[in-house]
Amino acid sequence: MTQLKRFLYGGDYNPDQWPEDTWSEDIKVFKKADLNSATINVFSWSLLESREGQYDFSKLDRIIQELSDANFDIVLATSTAAMPAWMFKKYPDVARVDYQGRRHVFGARHNFCPNSKNYQVLASKLVEKIAERYSNNPHIAVWHVNNEYGGNCYCENCQNAFRTWLKSKYQTLDNLNEAWNMNVWSHTIHDWDQIVVPNELGDAWGPEGSETIVAGLSIDYLRFQSDSLQNLFQMEKSIIKKYDPNTPVTTNFHGLPNKMVDYQKWAKDQDIISYDSYPTYDAPKYLPAFLYDLMRSLKHQPFMLMESAPSQVNWQPYSPLKRPGQMAATELQAVAHGADTVQFFQLKQAVGGSEKFHSAVIAHSQRTDTRVFHELEDLGKKLKKIGPTVLGSKTKARAAIVFDWDNFWSYEYVDGISQDFNYMESILDYYRQFYERNIPTDVISVDDDFSQYDLVVAPVLYMVKAGLSKKINIYVKNGGNFVTTYMSGMVNNSDNVYLGVYPGPLKDVMGIWVEESDAIVPGHKTTVSLNGKDYKAGLVCDLIHPENAKVLAKYSNEFYAGTAAVTENKYGQGKAWYVGTKLDHIGLTQLFNHIVLTANVESLVGDSHKLEVTKRVTQSGQELYFVLNMSNGERKLPQKFVEYQNILTGQQAHDQMKAWDVQILVK
């Protein structure tokens, strides 16, 4: 496990946007808030290389020296995320071609073609210079490659590279045509150079990633683009490791999550996972919790909270201020779920550009007697106190939610049945069941080891690749508990339907077969009878035929009233549940009352309350309970913790928790 030397509190700093005589004053302000780290050089390419091959590191030298003298840990970025203007002018192929077939010009960021040889060469040369120059600086705590990878390119370079990628994967055109089922609509490919990128001009239409004629082609293109960006990361990392084999190398993941980048495949290349978190003002509190659990689960170790906001962000339609205490609570929520850093974008608020109204440690007022700065100071004191205890501690979960990028891509390409299929929404319906019960939960891939969990939940497991059904069967047969839903077990890795009956290779472990699925149109609801009460359901209703499975719930209206809606099947030593419709939250809660009891998955706290409770365990075995009031109202501490000590204050836990209050409790 990669572990940082200390708990980092800091964030993105852009001193190259400011006169040099202000830097020392900035650092004094940072130290006043107990900041101990700074991320620098994220978007500095045009300053480092104003013309091709003409490098000037003098300003960066002085910035690094100033931070080193102040004993700051430095997260040093490679500056390859935003290209300088001269590069577009001299090498037009570095610019992406978008989904509509338009080649972009200089501007914005995330605008490079991953398969441009010119971009690869120029980026490699820059990273080589940076790594060679600064690799011996002991203050560099982490290398930060590029920034927030994402977005696809549909240019000729990518098209040619895609053909090569496909040749490697399928070997022959016969294999490719079979995988993509290309006899439909006379799509059969007879030469590799007949393959074109699936953009809006070809086999895809509508919003990118959601509508396509040939799903196998479009899914493969998403896989290819994710691999192409990953190759860029690997390229930069290998250069850095040549000069500095020991310091961790990462790139910052972002999004809800980012649909275009397969984080689970990328995780093996990250020494430590880092994540940018900006929950919207109206997001449910379980959404960031889910994302933090996903980041922690990518390597089953603590992660870095690389970016967050002290107060407002600049890109939301509405950006309300964080309420008193809310900033600290949202940062500590990340720590509660596995973060070993608290870092902000940004440390000093810009005077121009699109992010000038994004909040910062040093605001436009440049004052330290503000509410936000006082809260940053208070959080800094707390993190300085608890950091050595929290650092490296882990979450031990006995329940898991399956989140899989192949299913993310393929499920939202489904053409027919319903246009309202939303993978994230379906996953969150089930994650919320664990969140509200305060059950520690990992968010895992289909390749993770299921045997370490008492309960595995895989909503809308639409794509079941080769070997996965056998893995599930063995898990349940050996005593595991497994839950899946409607739209599961339907297609293989190429998005071709498993012939026979749904849910395809999962039908034996589920003990059922599905005849067809009814789409519930907007404005209409169906109902499901569970334990003698009716609950609302929607989206789709599977017409289920139980074979070995027991019926737990039945539809109570429509022509399929009285037929199975939810089933439970004993399979070997374990059990498998199939939920054939999208139950509302109340109905799903009633069902999960039964499932978690059967699976013997225990909550961290038994009594009813509206607090978020998580647990991290230190290397010495000490249990740290994070109790968070993620609301504007007062809440009462669960009875379990009244005799515990709060390590944030050094005093006994207090019974009443104010709005946005957080306690970290030990026995």
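How about the range 225-284: which of its residues are of a type in the set (Asp, Glu), under 19 Å from Ala123 (Cα atoms) and surrounded by fewer than 20 Cβ atoms within 10 Å (Cβ to Cβ)? Don't jump to the end; show me each part of the working.
Within the range 225-284, the first condition is being of a type in the set (Asp, Glu), and the residues that meet it are 227, 236, 244, 262, 269, 271, 276, 282.
Filter once more, so that each one left must be under 19 Å from Ala123 (Cα atoms): 227, 236, 244, 269.
Asp227, Asp244, Asp269, listed by residue number.
Can you tell me how many residues within the range 1-46 are under 30 Å from the mean Cα position of the chain (by Cα) and under 30 Å from Val390 (Cβ atoms)?
Count: 26.
Pick from the range 551-583 the residues that are over 21 Å from Val460 (Cα atoms) and in contact with a Ser or Thr (Cβ under 7 Å, 6 or more places away or on another chain): which of them is surrounded by the fewest Cβ atoms within 10 Å (Cβ to Cβ)?
Ranking the candidates gives Glu558 first.
Being among the aliphatic types (A, V, I, L, M) and outside any loop (DSSP other than H, G, I, E, B), is that true of even one residue in the range 279-290? Give the derivation first.
Going residue by residue through the range 279-290, those that are among the aliphatic types (A, V, I, L, M) are 283, 287, 289.
Narrowing further to those that are outside any loop (DSSP other than H, G, I, E, B): 287, 289.
Yes, the range 279-290 contains a residue that is among the aliphatic types (A, V, I, L, M) and outside any loop (DSSP other than H, G, I, E, B).
Kindly indicate the residue of the range 166-202 that is part of a helix (DSSP H, G or I) and hydrophobic (A, V, I, L, M, F, W, C) and also surrounded by the most Cβ atoms within 10 Å (Cβ to Cβ) among those meeting that condition.
Within the range 166-202, the first condition is being part of a helix (DSSP H, G or I), and the residues that meet it are 166-170, 173-180, 184-186, 192-194.
Checking the rest, the ones that are also hydrophobic (A, V, I, L, M, F, W, C) come to 166, 173, 176, 179-180, 184-185, 192.
Working: Leu166: 22, Leu173: 18, Leu176: 22, Ala179: 19, Trp180: 26, Val184: 10, Trp185: 9, Trp192: 14.
Restricting to residues being part of a helix (DSSP H, G or I) and hydrophobic (A, V, I, L, M, F, W, C), the top hit is Trp180.
Pick out the one residue from Asp378, Asp404 that is in contact with a Leu (Cβ under 9 Å, 6 or more places away or on another chain) and not aromatic (Phe, Trp, Tyr).
Numbers: Asp378 fails: in contact with a Leu (Cβ under 9 Å, 6 or more places away or on another chain).
Exactly one residue qualifies, and that residue is Asp404.
Pull out all pairs, ordered by first then second residue, where Cβ-Cβ is under 7 Å, the residues are six or more apart or on different chains, the first lies in the range 27-50 and is in the same structural domain as Arg62 (by TED's automatic domain parsing), and the second is assigned to a helix (DSSP H, G or I) and β-branched (Val, Ile, Thr).
From the range 27-50, the pairs are Ile40/Ile63.
Quick check on this structure: which one of Arg163, Arg109 is part of a loop (DSSP other than H, G, I, E, B) and surrounded by fewer than 19 Cβ atoms within 10 Å (Cβ to Cβ)? Before the answer, list the steps.
On the way: Arg163 fails: part of a loop (DSSP other than H, G, I, E, B).
Only one candidate qualifies: Arg109.
If I ask for residues that are part of a strand (DSSP E or B) and of a type in the set (S, T, N, Q), which ones from the range 427-453 would you list? Show your work before the answer.
Within the range 427-453, the subset part of a strand (DSSP E or B) is 441-444.
Correct list: Thr441 only.
Within the range 454-471, restricting attention to residues that are aliphatic (A, V, I, L, M) and outside any strand (DSSP E or B), which residue is farthest from Gly338 (Cα to Cα)?
Initial filter on the range 454-471 (aliphatic (A, V, I, L, M)): 455-458, 460-461, 463-464, 466, 468.
If we keep only those that are outside any strand (DSSP E or B) as well, we get 460-461, 464, 466, 468.
Values: Val460: 27, Leu461: 27, Val464: 30, Ala466: 32, Leu468: 28 Å.
Out of the qualifying residues, it is Ala466.
Taking the range 330-348 as the search range and keeping residues that are farther than 30 Å from Gln17 by Cβ and of a type in the set (Gly, Ala, Ser), which one is nearest to the chain's Cα centre (by Cα)?
This residue is Gly338.
If you check Ala82, Ala38, which single one turns out to be under 23 Å from Glu132 (Cα atoms) and touching a Lys or Arg at 6+ places or on another chain (Cβ under 7 Å)? So that I can check it myself, show each step before the final result.
Values: Ala38 fails: touching a Lys or Arg at 6+ places or on another chain (Cβ under 7 Å).
After ruling out the rest, the residue left standing is Ala82.
Inside the range 321-371, can you point out the residues that are within 26 Å of Gly633 (Cβ to Cβ) and either in a helix (DSSP H, G or I) or of a type in the set (Phe, Trp, Tyr) (or both)? Break it down into steps so the answer makes sense when it comes.
Taking the range 321-371 and keeping what is within 26 Å of Gly633 (Cβ to Cβ), we get 321-337, 339, 342, 359, 370-371.
Within the range 321-371, Gln326, Met327, Ala328, Ala329, Thr330, Glu331, Leu332, Gln333, Ala334, Val335, Ala336, Arg371 meet the criteria.
Could you look through the range 76-106, keep only residues that are touching a strand residue (DSSP E or B) at 6+ places or on another chain (Cβ under 9 Å) and basic (Lys, Arg), and pick out the one that is surrounded by the fewest Cβ atoms within 10 Å (Cβ to Cβ)?
Residue satisfying both the conditions and the ranking: Arg103.
Restricting to the range 123-178, give me the number of residues that are farther than 19 Å from Pro92 by Cα, in the same structural domain as Ile40 (by TED's automatic domain parsing) and polar (S, T, N, Q).
Number satisfying all stated conditions: 5.
Residues are listed down the side, and each one gets a yes or a no for (1) of a type in the set (S, T, N, Q); (2) buried (at least 22 other Cβ atoms within 10 Å of the Cβ); (3) in contact with a strand residue (DSSP E or B) (Cβ under 9 Å, 6 or more places away or on another chain); (4) within 21 Å of Asn438 (Cβ to Cβ):
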| site | (1), (2), (3), (4) |
| --- | --- |
| Pro302 | no, yes, yes, yes |
| Ala309 | no, yes, yes, no |
| Val313 | no, no, no, no |
| Leu321 | no, no, no, no |
| Met327 | no, yes, no, no |
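Name every residue in the range 134-160 that is in a helix (DSSP H, G or I) and of a type in the set (D, E, K, R), in order of residue number.
Here is the first cut: in the range 134-160, the ones in a helix (DSSP H, G or I) are 134, 156-160.
The answer is Glu156, and nothing else.
So which residues in the range 11-23 are more than 23 Å from Asp276 (Cα to Cα) and either in contact with an Asp or Glu (Cβ under 7 Å, 6 or more places away or on another chain) or not assigned by TED's automatic domain parsing to the domain that holds Lys382 (or both), if there are any at all?
Residue satisfying the conditions is Trp23 alone.
Quick check, is Ser124 of a type in the set (S, T, N, Q), part of a helix (DSSP H, G or I), in contact with a strand residue (DSSP E or B) (Cβ under 8 Å, 6 or more places away or on another chain) and surrounded by fewer than 20 Cβ atoms within 10 Å (Cβ to Cβ)? Before you say what the answer is, go through the steps one by one.
Numbers: of a type in the set (S, T, N, Q): yes; part of a helix (DSSP H, G or I): yes; in contact with a strand residue (DSSP E or B) (Cβ under 8 Å, 6 or more places away or on another chain): no; surrounded by fewer than 20 Cβ atoms within 10 Å (Cβ to Cβ): yes.
No; evaluated as a whole, the condition is false for this residue.
Is there any pair linking a residue in the range 538-557 that is among the basic types (Lys, Arg) to one that is surrounded by 17 or more Cβ atoms within 10 Å (Cβ to Cβ) and not in a strand (DSSP E or B), with Cβ under 7 Å and at least six apart or on different chains, and which?
Lys554/Thr563
Residue by residue through the range 503-546, note down the ones that are assigned to a strand (DSSP E or B), within 23 Å of Asn422 (Cα to Cα) and among the aliphatic types (A, V, I, L, M). Before you say what the answer is, go through the steps one by one.
Filtering the range 503-546 for residues assigned to a strand (DSSP E or B) gives 512-519, 526-530, 533-546.
Those left that are additionally within 23 Å of Asn422 (Cα to Cα): 514-519, 526-528, 535-544.
Hits for the range 503-546 are Val514, Ala519, Val528, Ala537, Leu539, Val540, Leu543, Ile544.
Identify, from the list Asn646, Asn632, Asn600, the residue that is polar (S, T, N, Q) and free of Cβ contacts under 8 Å to residues at least 24 places away in the same chain.
Values: Asn632 fails: free of Cβ contacts under 8 Å to residues at least 24 places away in the same chain; Asn600 fails: free of Cβ contacts under 8 Å to residues at least 24 places away in the same chain.
Of Asn646, Asn632, Asn600, the one residue that is polar (S, T, N, Q) and free of Cβ contacts under 8 Å to residues at least 24 places away in the same chain is Asn646.
Quick one: would you say Leu67 is in contact with a strand residue (DSSP E or B) (Cβ under 9 Å, 6 or more places away or on another chain), assigned by TED's automatic domain parsing to the domain that holds Arg371 and not in a helix (DSSP H, G or I)? Steps first, please.
Details: in contact with a strand residue (DSSP E or B) (Cβ under 9 Å, 6 or more places away or on another chain): yes; assigned by TED's automatic domain parsing to the domain that holds Arg371: yes; not in a helix (DSSP H, G or I): no.
Here the answer is no, as Leu67 does not meet what is asked.
The values are calculated or read from the model by the stated rules, or taken from the named source; none is laboratory data. For clarity, every value in this text was computed on a predicted model and none was experimentally measured. Cβ atoms come from the backbone with ideal geometry, glycine included; neighbour counts cover every protein chain shown.
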